[in-house]
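Take a look at the structure below.
Read-outs: derived from the displayed coordinates by stated rules, not from any lab. Because the structure is predicted, anything quoted here is derived from the model rather than measured. Cβ coordinates were reconstructed from backbone atoms using ideal geometry, including for glycine residues, and neighbour counts include every protein chain displayed.
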Amino acid sequence: MSELLVVGISDYKLARHPKVIVTYALGSCVGVCLYDNQTKIGGLSHIMLPDSNMFPKNEHTNRMKFADTAIQDLVRDLVKMGANRFRLVAKIAGGAQMFRTQPGSPIGSIGDRNVFSARKTLSALNIPIIAEDTGSNFGRTVYLNLETGTMRVQSLSRSVREL
Amino acid sequence: MWGENLINNYEELNDMHIDVLREIGNIGAGNAASALAMILNEEVSISLPRVQITDFNTAVNALGGAETMTVGVLVNLSGEAQGMIMLLLNMEDAAAILSMLLQDKDEEKNATLSELELSAIMEIGNILSSSYINSISTLTGLSINISVPYIAIDMAGALMSVPIIEFGSIGEKVMFIEECFSAEENKLASNIIMFAEIDTLEVIMTRLGIEI
């Protein structure tokens, strides 16, 4: 396999082909893959929380933690690396509800809110979501192959999906 | 709510605070270990508690590989203390506990657990967290409610992400108190970890007469 670039929680990485970017064990967090199929430049963001405006911001705020700021910054960096802003497409995965909780429990809804915010941010940036594997109740490991733009989603309870 | 926060994030906890948290973990887990010993009808020992203040990625990997299949039981704490307790078991240990509890002679290790087995594990999580929290309640005089137990079997990292999201919203680190239970005879091992909100830590310290 090509060289793996590992993305942690509240982090993103970007690269060009033939690299593969991976993030492990997304639970309620959301992984957002962005890809330009001409330059074969892409990035993967591991987002923890929906909205940076939920908390008081200061110079120490990690913008990669939140859907709104992480996606904006990743797009900016991809363009800097040479990707075409208008060719970028998105694939997203994650946002599960890991524990079966009672309805109305705030623990239960964070995955949905992360997915919702990622979609909203992408839509505001006019980046189409061309594949999505979100929700449900299981963890996901996500690989973005920069040769093809394929997002590979691995779970313990389900067979591998290539999107 | 509590006026001006004296501790704003977990990184500001000093050595004395950490000693107090370690002692809390010791008392809580000690009580939980006695409960587990009664359930299993054998001696259960606990490791020295570890107070971890780590970045998110270290926390995810703290209890084994991020992708390792793990059984997690989670309870949510509310009332005068906000936090979570999670019991983590690997599949082999979950199966061993079940065979002791349910007198199940089926040695075949399955990747899935039946509804009955899930409830049994959930109940153990419930009993351990209740005894853990009872001792902290008694020690501090705080009234702490615990939720019903929630269970999931999945990647360790995906399970750990739940408390990390909950308590990692401010700052870049989380704090948790971790102990390992072991039952010699059956070579069992499991981890119990407690996360608490920073405000809750302040309240606990104040109750115990510790200067913040």
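Can you tell me which residue within the stretch A:12-50, out of those that are more than 12 Å from the chain's Cα centre (by Cα) and of a type in the set (Val, Ile, Thr), is farthest from the other protein chains (Cβ to nearest Cβ)?
Residue satisfying both the conditions and the ranking: A:Thr39.
Give just the number: which of (1) more than 14 Å from chain A (Cβ to nearest Cβ); (2) buried (at least 21 other Cβ atoms within 10 Å of the Cβ); (3) of a type in the set (D, E, K, R) does B:Asp154 not satisfy?
Every condition holds for B:Asp154 apart from (1).
Looking at this structure, is B:Ala196 farther than 30 Å from A:Ser136 by Cα and in contact (Cβ under 8 Å) with a residue 12 or more places away in the chain?
Answer is no for this residue.
Select from the stretch B:36-47 the residues that are more than 15 Å from the chain's Cα centre (by Cα) and of a type in the set (Val, Ile, Thr) and write down the one among them that is surrounded by the most Cβ atoms within 10 Å (Cβ to Cβ).
It comes out as B:Val44.
Take the stretch A:51-62 and flag every residue that is within 15 Å of B:Lys173 (Cα to Cα) and under 21 Å from the mean Cα position of the chain (by Cα).
Hits for the stretch A:51-62 are A:Thr61, A:Asn62.
I'd like to check something: does the stretch B:26-46 contain any residue that is in a helix (DSSP H, G or I), among the hydroxyl-bearing types (Ser, Thr, Tyr) and free of Cβ contacts under 8 Å to residues at least 12 places away in the same chain?
No, the stretch B:26-46 has no match at all.
For the stretch B:195-212, which positions are out of contact with any helix residue (DSSP H, G or I) (no Cβ under 7 Å at 6 or more places or on another chain) and within 20 Å of B:Ser47 (Cβ to Cβ)?
B:Ala196
Could you run through the stretch A:117-158 and say how many residues are of a type in the set (A, V, I, L, M, F, W, C), without any contact (Cβ under 8 Å) to a residue 60 or more places away in the chain and within 14 Å of chain B (Cβ to nearest Cβ)?
Residues meeting the conditions: 2.
Can you say whether A:Ala93 is within 19 Å of A:Ser155 (Cβ to Cβ) and among the small types (Gly, Ala, Ser), as far as the supplied structure shows?
Yes: the conditions hold for A:Ala93.
Report, by residue number, each residue of the stretch B:169-186 that is more than 7 Å from chain A (Cβ to nearest Cβ), under 23 Å from B:Ser78 (Cα atoms) and out of contact with any Lys or Arg (no Cβ under 8 Å at 6 or more places or on another chain).
Passing the criteria: B:Gly171, B:Lys173, B:Val174, B:Met175, B:Phe176.
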